[in-house]
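Student: Encoded as structure tokens, here's the structure I'll be asking about.
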Amino acid sequence: MNQYIINGGKPLYGDVTIGGAKNAALGIIAAAILTDETVTIENLPNVSDINVLLEAIRSIGATVDRVSDHEVKICGATITSEVVDSEYVQKIRASYYLLGALIGKRGKAHVAMPGGCEIGARPMDQHLKGFRALGVKCEELDGSIEAEVEHLKGSHMVLDVSSVGATINIMLAAVLAEGTTVIEGVAKEPHIVDVANFLNSMGAKIRGAGTNAIRVYGTEKLHGTTYSIIPDQIEAGTFMCLVAATKGDVTLHNVIPKHLESITSKLLEIGVNVEESDEEVRVVALPGTRVRSTRVQTNVYPGFPTDMQPQITAVLMCAQGNSDVTESIFESRFRYVEQLRKMGASIDVKEDQSSCKVHGVAAVTGADMDIPDLRAGAALTIAALAAEGRSVLSGIEYIERGYEDFDLKLRELGADIEKVPV
Ligand code: UD1
């Protein structure tokens, strides 16, 4: 176990390169086993969620050749089992993609109910609704899902909730179904488009990803491909908030500014300068100034991402005036607030956990904090770097699930942050 020791109050300056999108990579790794040919995935983030999923597919027989930190070759021809050990599944949410991929590949899957960050109930009903519409028999037994189908058949379905996981999972099963599948009410996040583009590069015929309805024309067979994952929207947004909170001047490289629009416009609104160019954004916040207060409501893409909600709250903690932050995707995503209060932040969470009021304070001071989940970990790091004095952050394994070399990238920008064993 490691901790971060942070001495805050220093602005961040310089350049940082954003890695590949974790949530796209998770869908893409699962999709890669759908073909018996070798698939090469580039711009892979080297974070623990990815490494757990690679171990999980290796455990069912896939050949996984980690060419380098950011490149992997996967061959699904050697897969011999459709039973995924709960050891892997319970560590990460995205193990649910192995259901869709194994249903598509072998017509059978036995996967434990997934783990992941505790930010709400996170049911799987929409995933199962989609599989059932394709003719799959799904049963939930002793904390596992067993799925079996003789012959996948395309169909028309309407999701009741725009779920990222369900949208990708249903695509994974539908690409090898007979006939056409139409999925309405889908999620539109950039990583959904990336998984669809990846599958299309393997010979799938998916149209409409990024809109409200996805059409999948089933194919008999998929082939190998080489594919580079899109940049991580949330890692980029996190660095943008880090600069806003520490009053620095940083250029982010390897980003898609279009994917950052909701974050960029919120930062502009509170007085932070953001300049976009082709694959870069420069974020500048003037030393000695305070950001303005605002209202933030999380929403499905292109709305403000729920995965950026804790980070923007950490920025607004020292705003001039009161801000309202409303969470509309998950039920319990404000667990980090009690940690921010230890620093002197003044934040009231509504009883039903749906929103919080952030009373901006002039300054906060370092504290010892426990990280409750991945994005909360990013928010507490932002707060600690903006605060005066020393903070100790425990539970950084959450951060390492989704941010590659976070402390190293921050040190290169001038932050005083050390990773030390406990
Ligand atoms: C994914 C992301 C996560 C992000 C979230 C929302 C991955 C691995 N994780 O999580 O980082 O915060 O999207 O952008 O990509 N729901 C149902 N029934 C279902 C599925 C979902 O009711 O069958 C609900 C959830 O409880 C939640 C909402 O739909 O309230 C959105 O969840 P979903 O988009 O599925 O999130 P995840 O796929 O779990």
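Values in this text are rule-based calculations from the coordinates and carry no lab data. What you see is a predicted model, and the numbers here were worked out from it, not measured in a lab. Here the Cβ positions follow ideal geometry from the backbone for every residue, glycine too, while neighbour counts run over all protein chains shown.
Student: Using every Cα-Cα pair within the chain, state what percent have a distance larger than 26 Å.
Tutor: Values: 47304 of 88831 pairs.
So the pairs more than 26 Å apart make up 53 percent of the total in the chain.
Student: If I model the stretch 35-146 as equal point scatterers sitting on the Cα atoms and use the Debye formula, what is log10 I(q)/I(0) at q = 0.15, 0.16, 0.19, 0.20 Å⁻¹?
Tutor: Values returned for q = 0.15, 0.16, 0.19, 0.20 Å⁻¹ are -0.67, -0.76, -1.04, -1.12.
Student: What share of the DSSP beta bridges in the chain is antiparallel, in percent to the nearest 5? It would help to have the intermediate numbers written out before the result.
Tutor: On the way: 60 of 85 bridges.
DSSP beta bridges in the chain are roughly 70 percent antiparallel.
Student: Then there's this: Count neighbours as other Cβ atoms within 10 Å of each site's Cβ, and list the GluC sites (Glu not before Pro) in the stretch 314-419 that are DSSP loop with at most 13 such neighbours.
Tutor: Of the GluC sites (Glu not before Pro), the ones in loops of the stretch 314-419 whose Cβ has at most 13 other Cβ atoms within 10 Å are Glu331, Glu351.
Student: Oh, and also: Counting helices only, and only those DSSP H runs with n ≥ 4, report the 222 nm mean residue ellipticity of the chain as the sum of -39,500 (n - 2.57) divided by its residues, in deg cm²/dmol to the nearest 500. Numbers along the way, then the final one.
Tutor: Numbers: 14 runs with 129 residues, N = 422.
Mean residue ellipticity, 222 nm, calculated: -8500 deg cm²/dmol.
Student: Name the residue from Ala345, Gly9, Gly185 whose Cα lies farthest towards the positive end of the charge dipole of the chain, charges +1 on Cβ of Lys and Arg and -1 on Cβ of Asp and Glu.
Tutor: It is Gly185.
Student: What is the Cα centroid distance between the stretch 125-140 and the stretch 351-398, reported in whole angstrom?
Tutor: 39 Å
Student: At q = 0.27 Å⁻¹, what is the base-10 log of I(q)/I(0) for the stretch 119-165 according to the Debye formula with one equal point scatterer per Cα and no solvent? Please give it to two decimals.
Tutor: -1.09
Student: Hey, another quick one. May I have the pair-distance distribution P(r) for the stretch 315-409, computed from all Cα-Cα distances with 5 Å bins from 0 and rounded to whole percent?
Tutor: 3, 14, 23, 25, 19, 12, 3, 0
Student: Return the percentage of antiparallel bridges among DSSP beta bridges fully within the stretch 22-228, rounded to the nearest 5 %. Before the final figure, lay out each step's value.
Tutor: Values: 28 of 39 bridges.
So the antiparallel bridges amount to about 70 percent of the total.
Student: Given Lys205/Lys266; Lys10/Lys266; Lys258/Lys357, which pairs have Cα atoms separated by over 32 Å? Show your work: numbers first, answer last.
Tutor: On the way: Lys205/Lys266 36 Å; Lys10/Lys266 23 Å; Lys258/Lys357 29 Å.
From Lys205/Lys266; Lys10/Lys266; Lys258/Lys357, over 32 Å: Lys205/Lys266.
Student: Any idea how far the Cα center of the stretch 21-47 sits from the one of the stretch 173-189, in Å?
Tutor: Here the two parts' Cα centres lie 19 Å apart.
Student: I've got another one for you. Largest first and in whole Å, what are the equivalent-ellipsoid semi-axes of the stretch 22-228 based on the Cα gyration tensor, each being the root of 5 times an eigenvalue?
Tutor: Values: eigenvalues 96, 74, 57 Å².
Working through the eigenvalues yields semi-axes of 22, 19, 17 Å.
Student: Over 16 Å, how big is the tail of the calculated P(r) for the stretch 281-371, in percent of all Cα pairs?
Tutor: Numbers: 2236 of 4095 pairs.
Of all Cα-Cα distances in the stretch 281-371, 55 percent exceed 16 Å.
Student: With 10 Å bins from zero, work out the P(r) of the stretch 339-394 over every alpha carbon pair and list the percent per bin.
Tutor: Binned Cα distances yield the sequence 24, 54, 22, 1.
Student: If you don't mind, another one. Order these peptides, 312-325, 358-371, 35-48, by their mean beta-carbon neighbour count within 10 angstrom, highest first.
Tutor: Values: 312-325: 22.9, 358-371: 18.5, 35-48: 20.1.
Packing order, densest peptide first, comes out as 312-325, 35-48, 358-371.
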